[in-house]
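Reviewing the structure listed below.
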Amino acid sequence: MGCREIKSGILQVGALDWDRRLFDELIPLPDGTTYNAYLIRGSEKTALIDTVDPSKVQELLDNLRESGIEKLDYVIANHAEQDHSGSIPAILSRYPEARVVTNVKCRKMLMDHLQVPEELFRIVQDRETLSLGDKTFEFILAPWVHWPETMFTYLREEAILFPCDFLGSHLAQSSLFAQDEAHVLRSAKRYYAEIMMPFRSNIRKHLETLKPYSIEMVAPSHGPIYPHPELILSAYREWTSDEVKNEVVLPFISMHGSTGRMVSHFIEALMKRKIGVLPFNLTRADIGELAMALVDAATIVAATPTVLLGPHPQVVYAVYLANALRPKTRFVSVLCSYGWGSKAVEQIAGMLTNLKMEILEPVQVQGYPLDKDFAALDILADKILAKHREINII
Ligand code: FEO
């Protein structure tokens, strides 16, 4: 895509990845992604902030050549994950005078993962500064954006924050900047849900840390740049708050129709009570959408048939993910159908070890649901309504 100017002396030299459809062989990327790398030219020194996924290294090298630089003094590594760091060895080969600027933890990870030699690092501490002449970086250690070594780079004179993954999104688009705000926020919410939600309390701390800084632009290492940072900062404040919405997330599978009939009755029962429902048929659900739904829903209800005495494996997968993502959800329940016996409810409850949710009485049905079973589903819907009222969200 070539190098693109953000401001005088500041270029985006990273890569668009329009076609990538899976990250970590796990996370769907409906809109592709970008690996943003920023070239900052000062009056005396030149620095590159983050690199790109190794699959796009040639694009980064071409962009640097196009920028006209002959010498690179620093490569700033905000994060050791390979989608940002994986091209550091190639950069050091092309620009052997460059030093890798990062924190102690990140150095170890770059040495472990990429075999970057120890003598090529320049270590920085929290709030340490580095001058490029007329431009000054301040480094803000921000552990557990989702790895323990993450940090932000703040360019003081321009008031630009380079937070790497933090505040980013998997969104390939032709514009450098966030324009379609609704689309960008949806991508950013999906990204927060998949990557950062398990570290919500750390993310909240990072937002607090940034409060005293004047930030006129946020330039993350995935997705568009925010020329109006309040858009993404206020969204993050909302997602990381303790506030939940009057919604039930309902991941389900039905094999022969019994669970499906329970689910359809239950959806109607919730809708009659003016409770929002987000059903996910796990035979075709995008787990990124499921993760996003978990960001602020008050309640999760998993619905499963019984397979080999336990929950359907697709439901196991969804419940495992929900437990790992640690949403702020307050209440949980299970709908289960079975032919002759089931341990599905106990097994699902046993998987939710990370979550401090109140478990509401599950509904278990033998065979096809009858009137008494629909009544039990109505009682569960009433219970959810009462719980949502107790916490003042309806
Ligand atoms: Fe985009 Fe944690 O790497």
Q.
Take the residues in region 1-35 that are over 14 Å from the mean Cα position of the chain (by Cα) and among the aromatic types (F, W, Y); name whichever of them is surrounded by the fewest Cβ atoms within 10 Å (Cβ to Cβ).
A. W18
Q.
Can you find a residue that is surrounded by 20 or more Cβ atoms within 10 Å (Cβ to Cβ) and within 30 Å of H146 (Cα to Cα) anywhere in region 335-354?
A. yes
Q) Which numbered condition trips up A285, out of (1) under 25 Å from D17 (Cα atoms); (2) within 17 Å of the chain's Cα centre (by Cα); (3) hydrophobic (A, V, I, L, M, F, W, C)? A) (2)
Q: Scan region 133-157 and report the pairs whose first residue is over 26 Å from M197 (Cα atoms) and in contact (Cβ under 8 Å) with a residue 40 or more places away in the chain and whose second residue is of a type in the set (S, T, N, Q) and in a loop (DSSP other than H, G, I, E, B), with Cβ atoms within less than 9 Å and a gap of 6+ or a chain change.
A: G133/S43; D134/S43; K135/S43
(Q) For region 193-221, which positions are crowded, with 18+ Cβ neighbours inside 10 Å and in contact with a strand residue (DSSP E or B) (Cβ under 9 Å, 6 or more places away or on another chain)? (A) E194, I195, H206, L210, M217, V218, A219, P220, S221
Q) Which one of the conditions (1) in a strand (DSSP E or B); (2) more than 16 Å from the ligand (Cβ to nearest atom); (3) buried (at least 18 other Cβ atoms within 10 Å of the Cβ); (4) not β-branched (V, I, T) does Q173 fail to meet, given that it meets all the rest? A) (1)
**Q.** Matching option when the condition is closer than 27 Å to G32 by Cβ, away from the ligand (no atom under 16 Å from the Cβ) and at pLDDT 95 or above, among A235, A219
**A.** A235
Q) Among L210, L231, L176, which is closer than 17 Å to I140 by Cα and of a type in the set (A, V, I, L, M, F, W, C)? A) L210
(Q) With the requirement that a residue be of a type in the set (F, W, Y) and assigned to a strand (DSSP E or B), what does region 242-282 give you? (A) F252, F280
Q: Just name the residue that is farthest from G257 (Cα to Cα) out of those in region 313-340 that are of a type in the set (A, V, I, L, M, F, W, C) and not in a helix (DSSP H, G or I).
A: F331
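The values are calculated or read from the model by the stated rules, or taken from the named source; none is laboratory data. Please read all numbers here as calculations on a predicted model, not as lab measurements. Reconstructed Cβ throughout: ideal geometry from the backbone, glycine too, with neighbour counts over all protein chains shown.
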